Amino acid sequence: MDQPLITNDAIVFGLLMALLGIVFYTSSSGSSFWKKFYGIVPTVLVCYFLPSVFNSAGIISGEVSRLYFVASRYLLPASLVLLTISVDLREVVKLGSKALAMFFAGTMGIVLGGPLALIILMFVAPSIVAGEPPNEVWRGMTTIAGSWIGGGANQAAMKEVFQVGGELFSKMVTVDILIGNSWLAVLLIGVGRAAKIDKFLKADSSAIEELKDKVEAYQASIMKIPSLSDIVLILAVGFGVTGLSHLLADQIAPYLAENYPGLEKYSLTSSFFWLVVIATTVGVGLSFTKLRHLEGAGASKIGGLFIYVLVATIGMQMDLMAIFENPGLFLLGILWISLHVIFLFVVAKLIKAPYFFVAVGSQANVGGAASAPIVAAAFHPALAPVGVLLAVLGYAVGTYGAWLCGILMQAVASP
């Protein structure tokens with residue numbers, strides 16, 4: 001392996017933060033050029049892409065740097081806590097059964113679509129995955145499941161839990177980004193045709209107006225200018241639970257490995273698995289306490305920052321040439337997302353859910369908190385928080401759903 005130009009992680013971290021700063025500065029710019037650019041290219045895609053350019057050019061190296069390890073062990077669980085602590089399940093329920101139904105329809109479309117796509121290609125076109133042993137392809141697909149159900153945090157979690165190699169992970173990240181963001185573009189195109197789609201689905205969209213009013217009132221009631229005490233408390237909760245999760249995971253995983261070694265095939269002997277599961281579970285539990293109000297001071301924004309740092313460190317490991325090495329993997333991704341879409345529209349037709357719930361429910365899974373608000377805001381700016389709320393629910397169930405999907409794909413790929 002060639003030595004990169006920059007090996008000092010302090011310099012690499014500074015470079016990554018500078019890149020994130022440039023991306024967010026330009027994305028919030030009033031310039032018509034940048035508005036058009038980010039209207040086509042999602043922010044998260046640029047945050048993946050720029051570090052990968054530096055990696056591909058040999059300036060930095062994801063393999064040499066320890067930043068990904070730090071981000072995945074410290075920032076990832078903290079982000080899961082801060083994102084899930086803002087899940088007000090009572091407010092989610094108030095969104096209506098159809099919103100939740102479409103969200104979980106999207107989740108099940110991914111959980112079941114992964115193994116179904118693998119089965120179809122193994123029988124119909126086995127040459128598609130000829131470049132990768134089937135027992136390795138399913139591992140890589142778990143990282144896509146993590147991303148498409150939850151987000152970058154869950155994707156990184158699956159990478160560690162199912163021990164996905166760096167080369168395969170790089171290919172899967174590329175599939176995830178290109179397929180996922182292509183679907184985002186399709187959803188946004190559909191917004192302009194929402195009335196026709198609602199007519200096809202025989203859906204009544206009047207509930208969306210009620211939803212808009214509720215969201216505006218809810219946002220106004222919790223927003224505040226955060227004080228230093230608020231920020232310290234947010235970090236104390238995030239990293240305090242992260243420490244607790246490490247403590248428990250370091251006890252549970254070795255105990256299970258020693259006494260129940262058969263559980264290894266379900267990843268239950270992985271300390272990282274328990275780290276993210278405990279962090280997520282405690283975060284959801286805290287959402288029923290007064291700590292939930294930390295959202296008003298920006299808990300999810302800080303959690304989102306941690307996610308973007310994680311995204312940048314993952315981007316460092318991305319191989320831009322991966323698409324040319326095994327283009328068949330992209331056909332696998334297209335088939336998978338197609339099964340997700342079919343599942344969504346079948347359920348929407350059955351329950352007569354409006355296109356708004358279809359689009360936001362899908363993107364809350366596939367795109368997460370980074371892009372679900374984009375789709376929701378395309379209907380009305382006041383509805384953007386609905387995308388966030390459902391996407392945060394995705395973070396809460398992403399670890400569990402992706403793990404289940406991985407176990408199902410493992411069963412399919414096993415001889």
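The values are calculated or read from the model by the stated rules, or taken from the named source; none is laboratory data. From a predicted model like this one, the values you see are computed outputs, not experimental measurements. Here Cβ is always computed from backbone atoms with ideal geometry, including for glycine, and neighbour counts include all displayed protein chains.
Among the residues of the stretch 397-410, those identified as buried (at least 24 other Cβ atoms within 10 Å of the Cβ) and either under 23 Å from I302 (Cα atoms) or of a type in the set (A, V, I, L, M) (or both) are G398, T399, A402, M409. Within the stretch 287-299, take every residue that is surrounded by 21 or more Cβ atoms within 10 Å (Cβ to Cβ) and closer than 16 Å to F239 by Cβ and give me the one that is modelled with the lowest pLDDT. Checking each candidate, the answer is A299.
Selection within the stretch 272-296: residues that are without any contact (Cβ under 8 Å) to a residue 24 or more places away in the chain and assigned to a helix (DSSP H, G or I). The member of this set that is nearest to M409 (Cα to Cα) is T281. Taking every residue in the stretch 177-194 that is among the aromatic types (F, W, Y) and pairing it with any residue that is surrounded by fewer than 21 Cβ atoms within 10 Å (Cβ to Cβ) and assigned to a helix (DSSP H, G or I), at least 6 positions away or on another chain, the pairs with Cβ-Cβ distances below 9 Å are W183/V341. The set of residues in the stretch 260-271 being free of Cβ contacts under 8 Å to residues at least 40 places away in the same chain and either touching a Phe, Trp or Tyr at 6+ places or on another chain (Cβ under 9 Å) or under 11 Å from V81 (Cα atoms) (or both) consists of L268, T269. Residues in the stretch 14-56 that are under 23 Å from the mean Cα position of the chain (by Cα) and of a type in the set (F, W, Y): F24, Y25, F37, Y38, Y48, F49.
Reported count of residues in the stretch 362-372, each being in a helix (DSSP H, G or I), modelled with pLDDT under 90 and crowded, with 24+ Cβ neighbours inside 10 Å, is 7. If I filter the stretch 160-176 down to residues being in contact with a Ser or Thr (Cβ under 6 Å, 6 or more places away or on another chain) and either without any contact (Cβ under 8 Å) to a residue 60 or more places away in the chain or part of a loop (DSSP other than H, G, I, E, B) (or both), which single residue comes out as surrounded by the most Cβ atoms within 10 Å (Cβ to Cβ)? Across the stretch 160-176, the extreme among qualifying residues is F162. Taken together, A145, A99 contain a single residue that is at pLDDT below 90 and either in a helix (DSSP H, G or I) or touching a Leu at 6+ places or on another chain (Cβ under 9 Å) (or both), which is A99.
When you look at V276, is it farther than 16 Å from T399 by Cα and either in contact with a Pro (Cβ under 9 Å, 6 or more places away or on another chain) or surrounded by 13 or more Cβ atoms within 10 Å (Cβ to Cβ) (or both), yes or no? No. You will find that of P226, P261, the residue that is under 28 Å from W138 (Cβ atoms) and more than 25 Å from the chain's Cα centre (by Cα) is P261 and no other.
Being of a type in the set (S, T, N, Q) and at pLDDT 85 or above: is that true of S56 here? No: the conditions fail for S56. Residues that are hydroxyl-bearing (S, T, Y) and at pLDDT 90 or above occur in the stretch 9-26; there is at least one. For the stretch 319-345, the candidate set comprises residues that are buried (at least 22 other Cβ atoms within 10 Å of the Cβ) and not aromatic (F, W, Y); within that set, the residue that is modelled with the lowest pLDDT is L329.
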